[in-house]
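The values are calculated or read from the model by the stated rules, or taken from the named source; none is laboratory data. All values derive from a computational prediction rather than experimental measurement. As a convention, Cβ positions derive from the backbone with ideal geometry for all residues, glycine included, and neighbour counts pool all protein chains shown. Keep in mind that these areas ignore ligands, DNA and RNA; they rest on the heavy atoms of the full protein, side chains included. Shrake-Rupley method; radii C 1.70, N 1.55, O 1.52, S 1.80 Å.
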Amino acid sequence: AVDDTLSPNEQLQLRYQALHHQFVASSIAVKQCHELMPDAKIGSMLARMQSYPKTPNPTDVRQAQEDDELNLFFTDVQVRGEYPNYMNRYFNDHDIELEMAPDDLQIIKDYPVDYLSFSYYMSMVSSAKPAGEKTAGNLILGEKNPYLESSDWGWQIDPVGLRITLNNLWERYGVPLFIVENGLGAIDKVAADGQIHDPYRIDYMRKHIAQMKEAVQDGVDLMGYTMWGPIDLISASTSEMSKRYGFIYVDQDDDGNGTLERRRKDSFYWFKN
């Protein structure tokens, strides 16, 4: 929860101080994991938001770069094992001074994660002077990309952006990658034959998996892929059951009414094969 009595800079101070403690805790977890199971691998997870500049205008390109940096800051620390230099400017501009124990930076350096997992649902458009139509996202709002289709909830669908993301993360970090969230929130209906026909979800998965294959051919070390999520559940972003992600249908509406019966959607059989 945000404390409204604090200034924006004070809120940022608390946010990044808390993040520092999480970075240290992550490294300690890696250390303990390797001590208990030397061959085990432990990673981190990033909600990845690939940013495109709205135009070739250098100010838009720079804005996209800054937006990417604020998103990749977390993994820069956890994978590279050090605070990136670009954050020095950000901390200075926002009067942020992190309190650190004497050995915090050494712990972070000595015990980075072994691989990087991330979620990917959409890309974002960055502009130095945003004025266009906005598009929805689970964490932030960005300008609408006129070259992309959108889901029922306004999330823009960008399969090629997944290939771009995979290549960028691989080139930046050189550690194995794992897509742990990817999927389409959509309105599903039970048809007269009692089945749930969702060709739109199949199309979404097919296009994203095709781009994953392209990225692997590009040389990316991709550990695996898990979609969000196999079974319908209440959406974390909108608190709706009607925003369905799964390839298994659950009989329940937004008010909690229903038998909770499970039915396999067409996408279940497609994904199984």
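Which one is right for this structure if Cα extents along the principal axes in Å is calculated from it: (1) 76, 51, 39; (2) 86, 40, 29; (3) 66, 52, 44?
Computed from the coordinates, Cα extents along the principal axes in Å corresponds to (3).
Would you mind getting the accessible area per residue of the chain, heavy atoms of the protein chains only, 1.4 Å probe, in Å²?
Ligands and nucleic acids excluded, the result is 55 Å² per residue.
Relative to the longest principal Cα axis of the chain, at what angle does helix 199-218 sit, 0 to 90 degrees, rounded to 10?
Approximately 40 degrees, to the nearest 10.
Considering only protein heavy atoms, what is the solvent-accessible area of residue 91 at a probe of 1.4 Å, reported in Å² to the nearest 10?
Approximately 20 Å² of residue 91 is accessible to the 1.4 Å probe.
Which far-off residues, 5 or more places away or on another chain, put their amide H under 5 Å from the one on residue 150, with H placed in the peptide plane?
157
On a straight-distance basis, which lysines could pair with residue 54 in a cross-link, Cα separation under 26 angstrom, same-chain partners fewer than 8 positions away excluded?
The reachable lysines, counting only those whose Cα sits under 26 Å from residue 54, are 129, 134, 144, 207.
What list of whole percents do you get for P(r) of the stretch 1-142, with Cα-Cα distances grouped in 10 Å bins up to the one holding the largest distance?
So the P(r) values, bin by bin, are 11, 32, 35, 18, 4, 0.
Can you order the peptides 29-38, 180-189, 234-243 by their average number of other Cβ atoms within 10 Å per residue, highest first?
180-189, 234-243, 29-38
Determine ³J(HN,Hα), in whole Hz, for all residues of the stretch 158-163 in sequence, where each value follows from phi through the Karplus function 6.51 cos²θ - 1.76 cosθ + 1.60 and θ = phi - 60°; x replaces Gly and Pro.
Values, residue by residue: 9, x, 4, x, 5, 5 Hz.
Once the whole set of protein chains is in place, how much accessible area is left on residue 94, using a 1.4 Å probe, in Å² to the nearest 10?
In the full protein context, residue 94 sits at about 50 Å².
Helix-only mean residue ellipticity at 222 nm, the chain, DSSP H runs n ≥ 4 weighted -39,500 (n - 2.57), per residue, nearest 500. What is it?
-13000 deg cm²/dmol
Under a Cβ-Cβ cut-off of 11 Å, what is the net charge of the residues other than residue 52 that fall near it, where Lys and Arg count +1 and Asp and Glu count -1?
Combined, the nearby Lys, Arg, Asp and Glu give -4.
Counting only other residues whose beta carbon sits under 14 Å from that of residue 270, what net charge do I get with K and R as +1, D and E as -1?
That sum, taken over residues with Cβ under 14 Å, equals +3.
How far is it, in nm, from the label point at residue 216 to the one at residue 4 when both lie 7 Å from their Cα along the line to the Cβ?
Taking the two extended label points, one gets 5.1 nm.
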